[in-house]
Amino acid sequence: MPAAAVQQCFGGSQICKFDQMNRLTLPVKFRARYGNTVYLMKNIQDPDDKCILGYTEEDFVKVYDNLAKVYSGRQLTLVQRLFMDNCEMATIDSSGRVTFKPEYREFADLTEDAKVISNPDRLEFWNKDNWAKQFESEEAIPDLSQIILSPRA
């Protein structure tokens, strides 16, 4: 991973609460990368992963452009429509709050709070119980012995 990408890879997670106006305050450590805008998208790729994804504009455009590398013709048109129907540009206000549409909260079962996961290329907004459930069965956990934890390997 290039040094610039590592600098933007904050990692970690935090539980954040929604206010009465469907706004969630992003943790300060996650805000710098996103500026004033985050692209929110229902995770339509995996029906079992009911979460909302959050992208920078640059990463959102890359994900959208990648559709044309996988699909073509009528399939591309339909996937683009589905993709755009399940995303929205959201403003991050001066207090770091992002407003979620009720349908997004319903899709991911985000009630009074959300577990916010920071990945190198996106944020993920999860119901904390649904997040924990994905690791409950041994079959669901990938073979972690393949991970190389030494940067000198």
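The values are calculated or read from the model by the stated rules, or taken from the named source; none is laboratory data. Just so it is clear, the structure is predicted and the values come from calculations on it, not from any experiment. FYI the Cβ positions are ideal-geometry reconstructions off the backbone, even for glycines, and counts take in every protein chain you see.
In the set (1) touching a helix residue (DSSP H, G or I) at 6+ places or on another chain (Cβ under 6 Å); (2) not in a helix (DSSP H, G or I), F135 fails one condition alone, (1).
Of all residues in the stretch 13-33, those being at pLDDT below 90, closer than 21 Å to S94 by Cα and either of a type outside the set (D, E, K, R) or exposed (fewer than 10 other Cβ atoms within 10 Å of the Cβ) (or both) number 4. Tell me yes or no: at least one residue of the stretch 71-79 is under 19 Å from N119 (Cα atoms) and either outside any helix (DSSP H, G or I) or more than 16 Å from the chain's Cα centre (by Cα) (or both). No; the residues of the stretch 71-79 include none that is under 19 Å from N119 (Cα atoms) and either outside any helix (DSSP H, G or I) or more than 16 Å from the chain's Cα centre (by Cα) (or both). Out of curiosity, is D113 surrounded by 13 or more Cβ atoms within 10 Å (Cβ to Cβ) and modelled with pLDDT under 95? In short, yes. Number of residues in the stretch 56-67 that are among the charged types (D, E, K, R) and either more than 20 Å from E124 (Cβ to Cβ) or surrounded by 16 or more Cβ atoms within 10 Å (Cβ to Cβ) (or both): the value is 2. Apart from one condition, F135 fits all of (1) exposed (fewer than 12 other Cβ atoms within 10 Å of the Cβ); (2) among the aromatic types (F, W, Y); (3) farther than 14 Å from D49 by Cβ; the exception is (3). Only a single item in (1) modelled with pLDDT of 95 or more; (2) part of a loop (DSSP other than H, G, I, E, B) is not met by F10, and it is number (1). I need the full set of residues from the stretch 94-132 which are farther than 14 Å from Y34 by Cα and in a loop (DSSP other than H, G, I, E, B), in order please. Of everything in the stretch 94-132, those that are farther than 14 Å from Y34 by Cα and in a loop (DSSP other than H, G, I, E, B) turn out to be F100, K101, A108, D109, L110, T111, E112, N127.
Out of T56, T37, I need the residue that is touching a helix residue (DSSP H, G or I) at 6+ places or on another chain (Cβ under 9 Å), hydroxyl-bearing (S, T, Y) and within 16 Å of K101 (Cβ to Cβ). Which one? Walk me through it before giving the result.
Working: T56 fails: within 16 Å of K101 (Cβ to Cβ).
It is T37.
Considering the stretch 81-93, and only residues there that are of a type in the set (D, E) and more than 15 Å from the chain's Cα centre (by Cα), the residue that is nearest to N36 (Cα to Cα) turns out to be D93. Can you confirm whether the stretch 68-76 contains a residue that is more than 12 Å from R122 (Cβ to Cβ), surrounded by 10 or more Cβ atoms within 10 Å (Cβ to Cβ) and in contact (Cβ under 8 Å) with a residue 12 or more places away in the chain? No: the stretch 68-76 contains no residue that is more than 12 Å from R122 (Cβ to Cβ), surrounded by 10 or more Cβ atoms within 10 Å (Cβ to Cβ) and in contact (Cβ under 8 Å) with a residue 12 or more places away in the chain.
When restricted to residues that are part of a loop (DSSP other than H, G, I, E, B) and over 9 Å from the mean Cα position of the chain (by Cα), the stretch 37-64 contains 8.
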